[in-house]
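The values are calculated or read from the model by the stated rules, or taken from the named source; none is laboratory data. Since we're looking at a predicted model, the values are computed, not measured. Quick reminder, even Gly has a Cβ in these numbers, built from the backbone with ideal geometry, and neighbours come from all protein chains shown. Protein only, heavy atoms only, side chains kept; ligands, DNA and RNA dropped before computing areas. Shrake-Rupley method; radii C 1.70, N 1.55, O 1.52, S 1.80 Å.
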Amino acid sequence: MEKEKIIEQIKKLKKEKKAIILAHNYQIGEIQDIADFVGDSLELSKKAAGVSCRIIVFCGVRFMAETAKILSPEKKVLLPKKEAGCPLADMIKAEEARELKQMYPDAEIVAYVNTNAEVKAESDICCTSANAVEVARKIKVEKIIFVPDKNLASYVAKNLPEKRIIPFQGYCYVHDKIKKEDIAKAKENHPDAKVIVHPECRPEVIEIADMVASTGGMIRFAKESPAKKFIIGTEEGIIHRLKKENPEKEFFPIFPLPVCKDMKLTTLEDVYLALKEERYEIEIEESIRKKAKKALDRMLQ
């Protein structure tokens, strides 16, 4: 089926089945273009929880679709590409979270939203890259086990010297690959550009950035900043949205290009088949869902 035909069919099925399509900022451009909402993982799950629909088609990776299901158990959540996982989320297992709790009984576990449902269920509270520092600051205890991203943990520790942050040694392979030299080279090529990087980047990369922000924060900063040129230190998929929403500004990726293989798996045909066959439904055991929801709710409060 050609592209226009598929898009037509997707729109038709969406109406018939009372469905909405969510796309993460890192999805390929044509997936972002057919989505009802584009954003970061939590933003999208909150959006889905507040919209009346029967089906949520989540174009992202598994933990994101799980988060939508945790917050909207009454809706059918579909992941169009069942293989789309997150290597960072998969780095920690629920039993490892339990072991950490036993090792540090006086600490609380903060789970980055980039974790699977079973790990969220073992945690005290969740956080996003946008609110990680704020969440950790508001926790009453002084000792915090931060899972699974060591770079985000380091960013939190740097901003909260009064807390003891115990990091799990996971990392996002896309952000961890970004080197200080890559940013410096981009700066050489575009000396008047502002550098925005994600807090999942290495500490030495964060050190030389003009702005450290989640994907949602990057979108806002680019819109509000008087600057006209930006170097983007995160997965390259976000540049599609940045250019679309700020046509008068310029956005430069860094090289080698940071690409998440899993985020690029979903195609228009996958979305069409997910809607047509209502396939790859996300299911979470209710006891796990309830415990995971507690950690998410505590953060949302």
Item to check | Close pairs (7 angstrom Cβ cut-off, 6 or more residues apart or separate chains): over 27 Å from Lys243 (Cα atoms) in segment 9-37, open to solvent by 60 Å² or more (accessible area, probe 1.4 Å) and outside any loop (DSSP other than H, G, I, E, B) anywhere | outcome: Leu13/Lys276
Checklist outcome for this item: Scanning segment 5-43 residue by residue, those of a type in the set (Asp, Glu), modelled with pLDDT under 95 and in a helix (DSSP H, G or I) turn out to be Glu43
Checklist entry - Pairs, please: C-beta under 9 Å, at least 6 apart or cross-chain, first residue closer than 19 Å to Ile28 by Cβ and of a type in the set (Asp, Glu) and in segment 237-255, second open to solvent by less than 30 Å² (accessible area, probe 1.4 Å) and in a helix (DSSP H, G or I)? => result Glu245/Ile219; Glu245/Ala222
Checklist entry - If you scan segment 1-45, which residues turn out to be of a type in the set (D, E, K, R) and crowded, with 23+ Cβ neighbours inside 10 Å? => result Asp40
Checklist outcome for this item: Counted residues in segment 51-63 being part of a loop (DSSP other than H, G, I, E, B) and over 18 Å from Leu265 (Cα atoms) come to 4
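Could you run through segment 168-181 and say how many residues are buried (at least 19 other Cβ atoms within 10 Å of the Cβ), of a type outside the set (A, V, I, L, M, F, W, C) and not in a helix (DSSP H, G or I)?
Let us first name the residues in segment 168-181 that are buried (at least 19 other Cβ atoms within 10 Å of the Cβ), namely 168, 170-172, 174-175, 178.
Still in the running and of a type outside the set (A, V, I, L, M, F, W, C): 170-171, 175.
So of that shortlist, the ones also not in a helix (DSSP H, G or I) come out as 170-171.
Residues meeting the conditions: 2.
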Item to check | Options Ala89, Ala136, Ala130: the member that is open to solvent by less than 10 Å² (accessible area, probe 1.4 Å) and under 30 Å from Thr266 (Cβ atoms) | outcome: Ala89
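Within segment 70-83, can you find the residues that are crowded, with 24+ Cβ neighbours inside 10 Å and either at positive phi or in contact with a Ser or Thr (Cβ under 9 Å, 6 or more places away or on another chain) (or both)?
Of the residues in segment 70-83, the ones crowded, with 24+ Cβ neighbours inside 10 Å are 70, 77-80.
Within segment 70-83, Ile70, Leu79, Pro80 meet the criteria.
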Checklist entry - Could we say that Ala48 is farther than 20 Å from Cys172 by Cβ, open to solvent by less than 10 Å² (accessible area, probe 1.4 Å) and outside any strand (DSSP E or B) here? => result yes
